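Everything on this sheet refers to the single structure shown next.
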Amino acid sequence: MVNRKGLKALGYDSPEEIIGKTLRIEHEALGYIPAFAVATPAAYIILQRWLRNFAYKTSLDWWIFAGAGITVLLLSGIAVSWQSWHAATANPANAIRKE
């Protein structure tokens, strides 16, 4: 990833433009939606069966799963932003040298 972003820096894009272009790639963020839609009911069923065996009963609320999904989305956004910033501010000559 550093090489591709380093080569884009040769096109005189500012680090903010490179990060903006990276974050506009929506197919990565949209990949979480079907995964979340499949994993949420499966996790709910598995957790319901597991919690059935305990003496003290508790309920699984919707906000637990929503919070987990939002947390994953935020953490992945932070990770992508960090890697994009690191690659955008790197010296492009170093990216070409490593090839």
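The numbers here are math on the coordinates, done by the rules we state, and not lab data. It should be emphasised that the depicted structure is a prediction, and the values quoted were computed from it without experimental measurement. Methodologically, a virtual Cβ is constructed for each residue, glycine included, from the backbone with ideal geometry; neighbour enumeration extends over all protein chains shown.
Quick notes
- Full extension of the chain between His86 and Tyr44 yields a length gain of 11.3 nm, computed as 0.36 nm times the residue separation minus the alpha carbon distance.
- Cβ crowding within 10 Å averaged over residues, with 81-90, 59-68, 46-55 ranked highest first: 81-90, 59-68, 46-55
- Shape class for the stretch 31-80: prolate, because the ratio a/c of the largest to smallest gyration tensor axis (alpha-carbon atoms, square roots of eigenvalues) is 1.5 or more and a/b beats b/c.
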